[in-house]
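The next block holds one structure in the form of structure tokens; read it before the comments.
The values are calculated or read from the model by the stated rules, or taken from the named source; none is laboratory data. From a predicted model like this one, the values you see are computed outputs, not experimental measurements. Note that each Cβ is placed from the backbone with ideal geometry, even for glycine, and that neighbours are counted across all protein chains shown.
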Amino acid sequence: MPPSSASIGAARGPLPAAAGIGLRFPHHEAILAARPRIAWLEVHTENYLGGTPLRILEAIRRDYPVAFHGVGLSLGSAEGLDLAHLERIARAVQRIAPALISEHLSWSIVGGCYLADLLPLPLTEEALDIVCGHVDRVQTFLKRHILVENPSSYLCWRHSTIPEWEFLAAVAARTGCGILCDVNNIYVSACNHGWDPRAYLAALPGPAIGEIHLAGHSVQEIEGGLRLRIDDHGSRVIPEVWALYAEALARFGPVPSLVEWDTNLPELQVLLDEAERATRLLDRTREAPADAEFA
Amino acid sequence: MPSLLELQRAVFHSLVEGDDRMATPDVVAAGLTPAARLGIYRDNFVGTLMNALQLCYPAIHRLVGAEFFAGAARIFIAANPPRIADLNLYGEGFAEFLASFPPAATLPYLPGVARLEWAVNRAFHAPDAEPLDLARLAAVAAADQGRIAFRPHPAVALLAAEHPVDAIWRAVLARDDAAMAAIDLDAGPVRFLVERCDTAVAVTSLAEPEWRFAAALFASRPLDAAIAAAPESDAASLLAGHLAAGRLIGFALADTGNGAGAAENCR
């Protein structure tokens, strides 16, 4: 669908409040050859920092708005940001001019090593100060606001004192950053830790929500029949997450929404079908924008 | 209560070194042991890097099989956790690791194939660079031309191997069993050039003198030294070829004939 000119809130960049899909290398050819109807595309920033991938993205960028979704800045690292990495991101930002830039509420780097995962932070005042300092630094360096995404997690730290939704809201309030609300992550973490996913959504500050993520996850049977939900982005969005997405739209209004699919990647058409489903829910929200219950 | 840095170091020990003792006291158990919860992250860490290695070294993966590859990758990852968040550039040194990995000793060409795959991966992801401005080159006085020390494009690499690793690499990736069977491991050393062409990576065989000239040129030795390295070659036409292909992006004038210093940088 064509980009809409719907009004955009402070946290919302120049992306249409429509459905996009995550772009992975195996789909480059199909996108460039077929130019499918999709409102926008999002890439993992770290996959497109230079060379051939960045050149291909430049070609794709001529036809689609693009968002950068980082997995390597490690906003929660106690030892500070990797400034060389931030500079490489800034150079890619200059070439692509992404409509949105986002990162995660997590950490990945310690002792100069990148642990290749979005690791859970202890939700303490110390971590809050560190994350806010790093978000400030990134936003100052890039001269624009970023969005910070709620992670999915498989463990909680004993000394955490702040609920995740409050922590995220505090980061947004203190730094002016937006929030990337990943409804699949909310569902995964809520199931894994016994939280109420609807209460999580209700606690997020609506005007800060700049993007919503949708994805599939898997269920692993561990120790004594216990089930843990793993955020592997390798399947279709489950009905419970679609329901949570509908509720998020009712609360936050139409927000740019993205279908992520990173492992067991299917044909491009499967992703387009999932995005079409998100589009239908977005359209429905536009028809009945003000839900009295959540207003 | 651990500081954030202490906790992150504890997680490093758990994920990279497999030692959970520092981290487990800080994990909420809640129906699942702390070790099991940390284990999920350790599996993600190893799995993600193994996937990155497999994407970088697809021919090695096929040559040794999934099980052997996973075993070797696990040991390599524990000893070489990534230093940067761009996993496209993870896996440097895997060739040297394989060369000193006793179970791989029966396949003497394996490190050479790995070196080629790393060069291909680097060429694919290397930054863009504008080719040398030929007008700047033309402006160098004739007397100074021998002192020109070129800077190569970051996506260009030269490789040499004792075994026909380029033929092995091609046959394995094409799953061409007939080509694989026809390879003579004792055919002698091979030399080739790896470079990016548009959005693909090309691997081109070079004759030995051609390779010697290019090696001196890409190592930023002065032109005189490169010519002296391959006296039997038509240096002018080889240089013209490198320039036309955009393999050289800048130059400096070396202080002396030995190529040690560079007085001025030019584009």
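Scan the range B:1-22 for residues that are facing chain A (nearest Cβ under 7 Å), closer than 11 Å to A:TRP157 by Cα and touching a residue at least 24 places away in the same chain (Cβ under 8 Å) and report the count.
Total satisfying the criteria: 0.
Go through the range A:65-79 and count every residue that is more than 7 Å from chain B (Cβ to nearest Cβ), without any contact (Cβ under 8 Å) to a residue 40 or more places away in the chain and either more than 30 Å from A:LEU115 (Cβ to Cβ) or assigned to a loop (DSSP other than H, G, I, E, B) (or both).
Matching residues across the range A:65-79 total 1.
In the range A:191-198, is there at least one residue being more than 14 Å from chain B (Cβ to nearest Cβ) and in contact (Cβ under 8 Å) with a residue 12 or more places away in the chain?
Scanning the range A:191-198 turns up at least one residue that is more than 14 Å from chain B (Cβ to nearest Cβ) and in contact (Cβ under 8 Å) with a residue 12 or more places away in the chain.
Can you confirm whether the range B:58-66 contains a residue that is under 20 Å from A:ASP262 (Cα atoms) and either surrounded by fewer than 19 Cβ atoms within 10 Å (Cβ to Cβ) or not aliphatic (A, V, I, L, M) (or both)?
Yes, because at least one residue in the range B:58-66 is under 20 Å from A:ASP262 (Cα atoms) and either surrounded by fewer than 19 Cβ atoms within 10 Å (Cβ to Cβ) or not aliphatic (A, V, I, L, M) (or both).
What number of residues within the range A:135-164 are aliphatic (A, V, I, L, M) and in a helix (DSSP H, G or I)?
Here is the first cut: in the range A:135-164, the ones aliphatic (A, V, I, L, M) are A:135, A:138, A:142, A:146-148, A:155, A:162.
Narrowing further to those that are in a helix (DSSP H, G or I): A:135, A:138, A:142.
Summing the residues that are aliphatic (A, V, I, L, M) and in a helix (DSSP H, G or I) in the range A:135-164 gives 3.
Just name the residue that is farthest from the chain's Cα centre (by Cα) out of those in the range B:23-67 that are under 23 Å from B:ARG115 (Cα atoms) and at the interface with chain A (Cβ under 7 Å from one of its Cβ atoms).
Taking the candidates together, the pick is B:THR48.
How many residues are assigned to a helix (DSSP H, G or I) and at pLDDT 95 or above if we restrict to the range A:34-50?
Final tally of qualifying residues: 4.
In the list A:THR52, A:THR45, which residue meets the criterion of being facing chain B (nearest Cβ under 10 Å), in contact with a strand residue (DSSP E or B) (Cβ under 8 Å, 6 or more places away or on another chain) and closer than 21 Å to B:ALA123 by Cβ?
Criteria check complete, one pass: A:THR52.
Could you run through the range B:199-255 and say how many residues are within 14 Å of chain A (Cβ to nearest Cβ) and in contact with a Phe, Trp or Tyr (Cβ under 7 Å, 6 or more places away or on another chain)?
1
If you scan the range A:219-237, which residues turn out to be away from chain B (no Cβ under 12 Å) and outside any loop (DSSP other than H, G, I, E, B)?
Hit for the range A:219-237 is A:VAL219, nothing else.
Name the residue, out of B:GLY31, B:GLY91, B:GLY47, that is outside the structural domain of B:VAL156 (by TED's automatic domain parsing), surrounded by fewer than 20 Cβ atoms within 10 Å (Cβ to Cβ), of a type in the set (Gly, Ala, Ser) and modelled with pLDDT of 95 or more.
Matching residue, one of B:GLY31, B:GLY91, B:GLY47: B:GLY47.
For the list (1) away from chain B (no Cβ under 13 Å); (2) over 28 Å from B:ALA36 (Cβ atoms); (3) crowded, with 16+ Cβ neighbours inside 10 Å; (4) of a type in the set (A, V, I, L, M), I need the number of the one condition that A:LEU105 fails.
Unmet for A:LEU105, out of (1) away from chain B (no Cβ under 13 Å); (2) over 28 Å from B:ALA36 (Cβ atoms); (3) crowded, with 16+ Cβ neighbours inside 10 Å; (4) of a type in the set (A, V, I, L, M): (2).
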